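Asks: Here's a structure for you.
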Amino acid sequence: MSARSCSTAALFLLSLTSAVAQNAPGVAQTIFNRAIADFKNARIMEAASGFDQVAKLVPDQAPQLWQRGIALYYAGRYQDCREQFEAHRTVNPNDVENAAWHFMCVARAESPAKAKAALLPVGPDGRAPMRQIYLMFRGELTPDQLMGSAQTSTESQFYGHLYAGLYAEALGNKTAALKHISQAADERYSSGGYMYDVARVHLKLLQRAGTEHAEVWTFDRLDNLGAHATKVFGSPRVIDSAEGKAVEFDGVDDALFVNVHPLAGAEMFTWEVIFRPYKGGKAEQRFFHLQSIDPLTKADIPTRLLLETRLTGDHWYLDSFALSGNASRALIDRTKLHPLDQWHHVAMVYDGREFRHYVNGQLEGSAEIQLQPQPEGRASAGVRINLVDYFKGAIRVARFSRRPLSPEAFLTLKPASVTEK
């Protein structure tokens with residue numbers, strides 16, 4: 001289990017010695033490989049079922065199946081998960097990770113206090129920062145202290161973030177869990193083998209949960225966006241398109257305002273928009289603006305988030321801007337051109353460390369920055385909040401998630417709408 005960065009398939013049976021395996025050569029290995037593939041694709045129930053089959057086919061090897069224990073955790077089978085890691089300790093007694101996952105299962109089934117009381121003892125585990133991870137689960141180090149000790153190598157940073165995130169989740173600190181798991185799932189740690197896949201799957205599951213609670217504004221009427229009444233400027237109109245109904249803005253004086261900032265208070269976020277910029281608009285257009293206000297005077301303050309287009313010929317490129325407190329950043333790449341008069345998806349993402357933007361699922365800019373949560377405020381679609389830089393085009397939908405999403409979790413365009421004229 002401590003060799004988790006190695007080929008996962010090779011970690012299974014060196015030889016299938018049980019009578020079942022001898023009578024059906026390769027069956028257990030085939031099922032095991034399929035379960036691994038299912039888990040990597042976040043098909044949790046299928047993965048757990050596959051590992052269960054392997055444990056039944058080769059019961060003498062079942063204690064080795066730490067991968068089964070992890071799948072059982074995500075499947076919500078916490079008692080089975082606990083028993084798997086207790087069994088694994090009989091064949092791998094020094095492994096800190098085994099004790100950590102056992103803690104996770106007990107914490108979810110009972111409580112963090114009972115998980116701490118039942119924390120499995122371990123022997124010497126020389127990998128950095130495993131000793132510090134164990135001390136954290138014992139309650140003797142904080143996650144920050146763990147990360148302070150995990151700066152010596154990329155591998156130790158990865159394990160630090162992964163287990164700090166898991167520990168935070170066990171304690172019910174969702175914000176810290178998401179922050180650390182997002183870091184562990186970053187591509188710079190992709191050499192982390194199977195445990196990197198665990199981090200990536202964990203993040204995907206968190207993102208799925210996050211989108212269930214996201215706020216969605218569908219632009220299919222003029223009097224409301226989401227649950228919020230609008231103030232209409234000019235004469236925007238509802239149109240039919242291959243994407244569905246959308247609101248069209250003339251680029252002169254059309255706009256919709258709402259008295260809410262949908263990402264106010266979010267420490268991390270994803271802001272997505274499906275829209276269609278038209279030919280013939282101004283060179284610089286602010287098509288969506290989230291603006292914070294002073295809570296006492298209700299006047300606009302500098303803090304804001306902006307999505308903008310820059311037109312050049314028959315193409316456009318994205319300009320995203322974030323300002324909060326004393327920190328601000330614009331993301332813009334004039335070489336990333338996209339055709340006008342077509343539907344596109346754009347996303348602004350902040351994960352607590354890095355500010356990113358995407359067009360049609362492709363990363364087009366990023367920068368490290370510390371953004372404070374945006375205060376309450378208001379929003380405008382079709383123009384900047386101070387009624388300049390009007391947008392010529394159409395907006396179909398916007399989604400506001402209070403967590404960073406990866407491109408696989410983004411809204412998708414309908415195939416027919418991409419080339420709609």
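Asks: Within region 392-412, which residues are in contact with a helix residue (DSSP H, G or I) (Cβ under 7 Å, 6 or more places away or on another chain) and farther than 16 Å from Gly361 by Cβ?
Replies: Arg402, Arg403
Asks: So, in region 211-229, how many residues would count as being outside any loop (DSSP other than H, G, I, E, B) and surrounded by fewer than 22 Cβ atoms within 10 Å (Cβ to Cβ)? First the steps, then the outcome.
Replies: Initially, region 211-229 is screened for residues outside any loop (DSSP other than H, G, I, E, B), giving 211-212, 215-218, 224-225, 228-229.
Within this subset, residues satisfying the condition of being surrounded by fewer than 22 Cβ atoms within 10 Å (Cβ to Cβ) are 211-212, 215-216, 218, 224, 228-229.
Adding up the residues that qualify gives 8.
Asks: A further question on this structure: Give me a count of the residues in region 257-273 that are β-branched (Val, Ile, Thr) and within 21 Å of Arg208 (Cβ to Cβ).
Replies: Total satisfying the criteria: 2.
To keep it simple, each residue is scored yes or no on (1) at pLDDT below 95; (2) over 29 Å from the mean Cα position of the chain (by Cα); (3) hydrophobic (A, V, I, L, M, F, W, C).
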position: Pro262; (1), (2), (3): no, no, no
position: Gly265; (1), (2), (3): yes, no, no
position: Phe275; (1), (2), (3): no, no, yes
position: Tyr278; (1), (2), (3): no, yes, no
position: Glu284; (1), (2), (3): no, yes, no
position: Leu290; (1), (2), (3): no, no, yes
position: Pro295; (1), (2), (3): yes, yes, no
position: Ala299; (1), (2), (3): no, yes, yes
position: Leu307; (1), (2), (3): no, no, yes
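Asks: Let me ask you something else. Among the residues of region 73-97, write down those that are of a type outside the set (Asp, Glu), crowded, with 23+ Cβ neighbours inside 10 Å and closer than 23 Å to Asn173 by Cβ. Working first, answer last.
Replies: To start, the set of residues in region 73-97 that are of a type outside the set (Asp, Glu) comprises 73-79, 81-82, 84-85, 87-94, 96.
Add one more test, that the residue is crowded, with 23+ Cβ neighbours inside 10 Å, and what stays is 73, 81-82, 84-85, 88, 96.
Within region 73-97, Tyr73, Cys81, Arg82, Phe85, Val96 meet the criteria.
Asks: OK, next. What pairs can you find where one residue is in region 28-51 and in a helix (DSSP H, G or I), the other is of a type in the set (Val, Ile, Thr), and their Cβ atoms are less than 6 Å apart, with a gap of 6+ or different chains?
Replies: Close Cβ pairs satisfying both conditions: Ala28/Val54; Ala28/Val58; Ile31/Val54; Phe32/Val54; Ile36/Thr8; Gly50/Ile31.
Asks: Surrounded by fewer than 15 Cβ atoms within 10 Å (Cβ to Cβ) and modelled with pLDDT under 95: is that true of Gly352 in this structure? Give the steps one after another, and end with the answer.
Replies: Details: surrounded by fewer than 15 Cβ atoms within 10 Å (Cβ to Cβ): no; modelled with pLDDT under 95: yes.
For Gly352, the condition - surrounded by fewer than 15 Cβ atoms within 10 Å (Cβ to Cβ) and modelled with pLDDT under 95 - is not met.
Asks: Considering only residues that are modelled with pLDDT under 95, within 23 Å of the chain's Cα centre (by Cα) and not aliphatic (A, V, I, L, M), which ones fall in region 74-104?
Replies: Once the filter is applied, which keeps residues that are modelled with pLDDT under 95, within 23 Å of the chain's Cα centre (by Cα) and not aliphatic (A, V, I, L, M), region 74-104 yields Tyr74, Gly76.
Asks: Of the numbered conditions (1) surrounded by 16 or more Cβ atoms within 10 Å (Cβ to Cβ); (2) in contact with a helix residue (DSSP H, G or I) (Cβ under 8 Å, 6 or more places away or on another chain), Pro236 fails exactly one; give the number of that condition.
Replies: (2)
Asks: Now for a separate question. Looking at Pro407, is it over 21 Å from Leu203 (Cα atoms), touching a residue at least 12 places away in the same chain (Cβ under 8 Å) and surrounded by fewer than 19 Cβ atoms within 10 Å (Cβ to Cβ)?
Replies: Judged against the criteria, Pro407 is not a match.
Asks: Just to be sure I understand, how many residues within region 330-346 are within 12 Å of Tyr358 (Cα to Cα) and assigned to a loop (DSSP other than H, G, I, E, B)?
Replies: The total comes to 2.
Asks: For region 45-52, does any single residue satisfy the condition of being over 27 Å from the mean Cα position of the chain (by Cα) and either at pLDDT below 95 or of a type outside the set (Ser, Thr, Tyr) (or both)?
Replies: yes
Asks: Here's a check for you: in region 325-339, which residue that is out of contact with any Gly (no Cβ under 8 Å at 6 or more places or on another chain) and of a type in the set (A, V, I, L, M, F, W, C) is surrounded by the fewest Cβ atoms within 10 Å (Cβ to Cβ)?
Replies: Ala327
Asks: Continuing with the same structure: Are there any helices (runs of 4 or more DSSP H) wholly within region 118-210 with 3 or more residues that are within 28 Å of Ser401 (Cα to Cα), in contact (Cβ under 8 Å) with a residue 40 or more places away in the chain and not assigned by TED's automatic domain parsing to the domain that holds Pro407, and if so which? Give the derivation first.
Replies: Working: elements: 130-137, 143-148, 154-170, 174-184.
Passing ranges, in order: 154-170, 174-184.
Asks: A follow-up question, please. Filter region 398-421 down to the residues that are over 13 Å from the mean Cα position of the chain (by Cα) and part of a helix (DSSP H, G or I), then identify the one that is modelled with the highest pLDDT.
Replies: Pro415
Asks: Of all residues in region 312-329, which are under 20 Å from Gly281 (Cβ atoms) and assigned to a strand (DSSP E or B)? First the steps, then the outcome.
Replies: So in region 312-329, the residues under 20 Å from Gly281 (Cβ atoms) come out as 312-321.
Answer for region 312-329, where residues must be under 20 Å from Gly281 (Cβ atoms) and assigned to a strand (DSSP E or B): Thr312, His315, Trp316, Tyr317, Leu318, Asp319, Ser320, Phe321.
Asks: If a residue must be assigned to a loop (DSSP other than H, G, I, E, B) and of a type in the set (Asp, Glu), how many such residues does region 250-286 contain?
Replies: Of the residues in that region, 3 qualify.
Asks: Have a look at Ala367, Ala381, Ala322, Ala347 and point out the one that is surrounded by fewer than 20 Cβ atoms within 10 Å (Cβ to Cβ) and either within 26 Å of Lys204 (Cα to Cα) or among the aliphatic types (A, V, I, L, M) (or both).
Replies: On inspection, the qualifying residue turns out to be Ala367.
Asks: Criterion first (among the aliphatic types (A, V, I, L, M) and either touching a helix residue (DSSP H, G or I) at 6+ places or on another chain (Cβ under 6 Å) or not in a loop (DSSP other than H, G, I, E, B) (or both)) does Val247 satisfy it?
Replies: Yes; evaluated as a whole, the condition is true for this residue.
The values are calculated or read from the model by the stated rules, or taken from the named source; none is laboratory data. Only a predicted model underlies this, so the values are computations on that prediction, with no experimental measurement involved. Glycine also receives a Cβ, built like all others from the backbone with ideal geometry; neighbour counts cover every protein chain displayed.
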